[in-house]
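The values are calculated or read from the model by the stated rules, or taken from the named source; none is laboratory data. Everything quoted here is computed from the prediction, not taken from an experiment. Cβ coordinates were reconstructed from backbone atoms using ideal geometry, including for glycine residues, and neighbour counts include every protein chain displayed. Side chains are part of the model used for accessible areas, which takes the heavy atoms of the whole protein and leaves out ligands, DNA and RNA. Shrake-Rupley method; radii C 1.70, N 1.55, O 1.52, S 1.80 Å.
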Amino acid sequence: MTQPKILPRLIVPEPDRASAYYRDFLGAEEVFRARGDEGRLTVVEHLLGATSFRVSPAVPAWGWLSPEDLGGSPVLLEIEVDDPDEVGARMTTNGAETVIAIENRPYGKRSGRIRDPFGHLWIITGPLR
């Protein structure tokens, strides 16, 4: 039996655009893409380090709602990187918004919070400077 794993699925208005953003600015690798019977893109799977996550379109009839549909994201995604400042700068230069500045924290990490252009919240964290 395979070990259980969680595959977060980010619901977005434009999965192709979101997939390109995560690839270009987080370094995610696209590893799978599927379309439904009508040719509609239903899922794009990415590999980021040893972690997988998926991107799918908002389809209200299926209960798949984007952060925009919900008035914000109820989930925080945390990414641990060597240089959180550099990753945060890449994201914000390309349409993301700083929610909490990336800085040294009293708990021994350098971190901050970024809202990507699709409404998802990311904690960008790494070693202290």
Q) Can you put Trp64, Trp122 in order of accessible area, largest first, using a 1.4 Å probe? A) Trp64, Trp122
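Looking at the square roots a ≥ b ≥ c of the eigenvalues of the Cα gyration tensor of the chain, which shape do they give, rounded for a/c under 1.5, prolate if a/b is larger than b/c, or oblate? Could the numbers behind the result be given before it?
Values: a/c = 1.97, a/b = 1.59, b/c = 1.24.
Prolate.
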Q. Can you give the accessible area per residue of the chain, in Å², using a 1.4 Å probe?
A. 58 Å²
Q. Label Arg35 and Asn104 with points 7 Å out from Cα along Cα→Cβ: what is the distance between them in nm?
A. 5.2 nm
Q: Run the dipole for region 24-84 about the Cα centre, Lys and Arg Cβ at +1, Asp and Glu Cβ at -1, nothing else charged, and hand back the magnitude in debye, nearest 20.
A: 360 debye
Q) For Trp64 and Arg9 in one chain, what is 0.36 nm times their gap in residues minus the Cα-Cα distance, to one decimal in nm? A) 18.8 nm
Q | Dipole moment magnitude, nearest 20 debye, the chain about Cα centre, only Lys, Arg, Asp, Glu C-beta charged | A | 280 debye
Q.
If I ignore ligands, DNA and RNA and count only protein heavy atoms, how much of Asp82 is accessible to a 1.4 Å probe, in Å² to the nearest 10?
A. 140 Å²
**Q.** Inter-label distance for Asp24 and Glu78, nm, one decimal - labels placed 7 Å from Cα along Cα-to-Cβ
**A.** 2.9 nm
Q.
If you roll a 1.4 angstrom probe over the protein chains with everything in place, what fraction of the accessible area of region 34-129 belongs to carbon and sulfur, to the nearest %?
A. 50 percent
Q.
Below 8 Å between Cα atoms, with a sequence gap of 6+, how large is the relative contact order for the chain in percent?
A. 21 percent
Q: Round to the nearest 10 and give me the degree value, 0 to 90, for the angle of helix 84-93's Cα axis relative to the longest principal axis of the chain.
A: 50 degrees
